[in-house]
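Heads up: the structure comes next, in structure tokens.
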């Protein structure tokens, strides 16, 4: 990082954990720019960026003054040059960027120069998470088998990335089988406040990034400003070039109250997606504020920030507060890092607590979290929220609409499954997947899913035989705490064995259904469904044969695997029978909030994060052998 001219002379010093840091002071800038205290927190990050990189060309004092005047126009048309601190890549959209770097090295060789001079200027992390598929499921060796196939399919790509890992400076690769890029970013890579050594001084500044995946916004929950961009923009950022952007409007989303018994962060984010889609926030920042933030865990915030692409915003930002620091410490960040985050945020007016005045926004929305109820979203768009109590009726309506105008024999609705004593019927759930960083980064919903599985298993219930079940967390820490709590055995017992660590079903890597199931669906033109804890459910995305796809919390994914059909109203109908033939209802196996909290307290430890991420770049023997 090369700081700019500092024409306004705002460079200052702060001390944290006994160390001195230089920083570009917003309070000092306000002496010339006017009161900045009620500027949205997300824009304070952008303003600091301009102050730090003012060079008289790409960033001028006029640019700085124009952004400071945002409080007057609440979203002017001015354009700024934003330089993120780092870049996050995944292995599909990120590979072309590495190819271009390699091509640049070849060109340098042809010019007779040293190719090793070609390296990213900004720190770059590439996480391999988009390649694993659910070919095997429902047995203890599923993950190992899927990983073996993954390496076979991606041999050349992985050889190239392995070379890049050792060839380039400022470029790190998180190997396959580790986790999902956004969850690894949240739990390990992100620091909230970054530092750089410049001319003998240590400069502190906000952790910011761009990523080549739309859900890069997840780390906004940790007060790290970032969003997804195209490959060209990402490459420019890698090479130290600014990202050109218009100063955005900022929509404030006020959260009041707290979630009630039986609801989850998934239910909350589906309400937020629906509200913001109706509002219209494309191209805008969304910033969350209000007393309700104190009732949200960092993992809950990350779930909300993750789905910014679904509600249409550029980002969904949460400011730094005590919960931010608690999470950083719990997930293994160094105490000095946590101390710097708090000291820096307080020095810059970026710290939120109960006494913080509400920022000024372009417009606002408000939600009492106590009004949130269990919900799904679907069957074709993430913003189409459906109350759980109305899901069966809603499905019936969509099925009728799908069949309208079709030949009379179309969608006849039932077909026998070869070699089995059951048939495939309209509304059958054929995929139930606990997947995606959106939810697997949140221990509360995964523990809830494990407790549902435990109670179901103890009553003798299991997933229906036509349901393809899978558990694909975004972090190996998930396996650690589920095993310590004794919940993974129960998940295994009802079909939710570990299938790998990666995006899997959420991005369409759900793999094939059993051949006899697929044949019955196609032969009978049966309309089947999928339920997943992902973030997108467009028709054809989850699986080509699944026309109806519902987003749901992990415990609801388990419930629908047990029920096996969208035609069952799981709020009042039995989802199965126990060993004695007695009906079992969802209420019988749904854990209380207290049960979830007690289990989390007993099974989730800080040591799990430090142990898992202590050698995060090493990979498996297969990776090391490349």
With the structure loaded, tell me whether residue 550 is touching a strand residue (DSSP E or B) at 6+ places or on another chain (Cβ under 6 Å) and not in a helix (DSSP H, G or I) or whether it fails that test. yes
For region 47-60 the number of residues that are in contact (Cβ under 8 Å) with a residue 24 or more places away in the chain and more than 21 Å from residue 224 (Cα to Cα) is 5
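Yes or no, residue by residue, for (1) at pLDDT below 95; (2) out of contact with any strand residue (DSSP E or B) (no Cβ under 7 Å at 6 or more places or on another chain):
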site: 125; (1), (2): no, no
site: 129; (1), (2): no, no
site: 137; (1), (2): no, no
site: 151; (1), (2): no, yes
site: 157; (1), (2): no, yes
site: 170; (1), (2): no, no
site: 175; (1), (2): no, yes
site: 181; (1), (2): no, no
site: 199; (1), (2): yes, yes
Any idea how many residues of region 19-44 are part of a loop (DSSP other than H, G, I, E, B) and free of Cβ contacts under 8 Å to residues at least 60 places away in the same chain? 2
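Just to check your reading of the model, which residue among 624, 611, 579 is modelled with pLDDT under 95 and closer than 26 Å to residue 490 by Cα? Working first, answer last.
Details: 624 fails: closer than 26 Å to residue 490 by Cα; 611 fails: modelled with pLDDT under 95.
Exactly one of 624, 611, 579 is modelled with pLDDT under 95 and closer than 26 Å to residue 490 by Cα, namely 579.
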Matching residues, region 268-297, being in contact (Cβ under 8 Å) with a residue 40 or more places away in the chain, closer than 27 Å to residue 448 by Cβ and crowded, with 24+ Cβ neighbours inside 10 Å: 269, 270, 272, 273, 276
Taking the stated definitions as given, is residue 1 farther than 26 Å from residue 288 by Cβ, assigned to a loop (DSSP other than H, G, I, E, B), out of contact with any helix residue (DSSP H, G or I) (no Cβ under 6 Å at 6 or more places or on another chain) and touching a residue at least 24 places away in the same chain (Cβ under 8 Å)? yes
Criterion first (surrounded by fewer than 24 Cβ atoms within 10 Å (Cβ to Cβ), assigned to a helix (DSSP H, G or I), assigned by TED's automatic domain parsing to the domain that holds residue 497 and at pLDDT 95 or above) does residue 451 satisfy it? yes
Here is a list: 221, 226. Which entry is assigned to a strand (DSSP E or B) and surrounded by 24 or more Cβ atoms within 10 Å (Cβ to Cβ)? 226
Which of the residues belonging to region 4-16 are touching a helix residue (DSSP H, G or I) at 6+ places or on another chain (Cβ under 8 Å), closer than 12 Å to residue 204 by Cβ and surrounded by 13 or more Cβ atoms within 10 Å (Cβ to Cβ)? 12, 14, 16
Which of the strands (runs of 3 or more DSSP E) found entirely inside region 236-315 contain at least 3 residues meeting this: in contact with a helix residue (DSSP H, G or I) (Cβ under 7 Å, 6 or more places away or on another chain)? 250-256, 285-289
If a residue counts only when it is more than 21 Å from the chain's Cα centre (by Cα), which helices (runs of 4 or more DSSP H) contained entirely in region 83-201 have at least 3 such residues? 95-110, 142-153, 155-167
Given the criterion in a helix (DSSP H, G or I) and either in contact with a helix residue (DSSP H, G or I) (Cβ under 6 Å, 6 or more places away or on another chain) or at positive phi (or both), identify the matching residue among 50, 71. 50
Within region 510-547, residues in contact with a helix residue (DSSP H, G or I) (Cβ under 7 Å, 6 or more places away or on another chain), part of a strand (DSSP E or B) and either crowded, with 24+ Cβ neighbours inside 10 Å or outside the structural domain of residue 455 (by TED's automatic domain parsing) (or both) come out as 528, 531, 532
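Hey, among the residues in region 612-626 that are touching a residue at least 40 places away in the same chain (Cβ under 8 Å) and assigned to a helix (DSSP H, G or I), which one's surrounded by the fewest Cβ atoms within 10 Å (Cβ to Cβ)?
Filtering region 612-626 for residues that are touching a residue at least 40 places away in the same chain (Cβ under 8 Å) and assigned to a helix (DSSP H, G or I), the one surrounded by the fewest Cβ atoms within 10 Å (Cβ to Cβ) comes out as 622.
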Those residues of region 377-415 which are at pLDDT 95 or above and assigned to a strand (DSSP E or B), in sequence order: 377, 385, 386, 387
Keeping to region 327-341, report how many residues are in a loop (DSSP other than H, G, I, E, B) and in contact (Cβ under 8 Å) with a residue 60 or more places away in the chain. 3
Quick check on region 419-431. Is at least one of its residues out of contact with any strand residue (DSSP E or B) (no Cβ under 7 Å at 6 or more places or on another chain), in the same structural domain as residue 533 (by TED's automatic domain parsing) and surrounded by fewer than 13 Cβ atoms within 10 Å (Cβ to Cβ)? yes
Which pairs do you get when a residue that is modelled with pLDDT under 85, found in region 61-79, comes within reach of a residue that is surrounded by 15 or more Cβ atoms within 10 Å (Cβ to Cβ), reach meaning Cβ atoms under 6 angstrom, with the pair 6+ apart or on two chains? 74/362; 75/249; 75/362; 76/247
Conditions first: (1) modelled with pLDDT of 95 or more; (2) within 22 Å of residue 121 (Cα to Cα); (3) not in a strand (DSSP E or B). Residue 232 passes all but one, so which condition is the exception? (1)
I want to confirm something. Restricting to region 484-509 and keeping residues that are in contact with a strand residue (DSSP E or B) (Cβ under 6 Å, 6 or more places away or on another chain) and part of a loop (DSSP other than H, G, I, E, B), which single residue is farthest from residue 608 (Cα to Cα)? 495
With the requirement that a residue be modelled with pLDDT of 95 or more and under 21 Å from the mean Cα position of the chain (by Cα), what does region 507-533 give you? 510, 530, 531, 532, 533
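The values are calculated or read from the model by the stated rules, or taken from the named source; none is laboratory data. Source: prediction; values computed, not measured. Don't worry about glycine lacking a Cβ; one is built from the backbone with ideal geometry, like all the others, and counts go over all protein chains shown.
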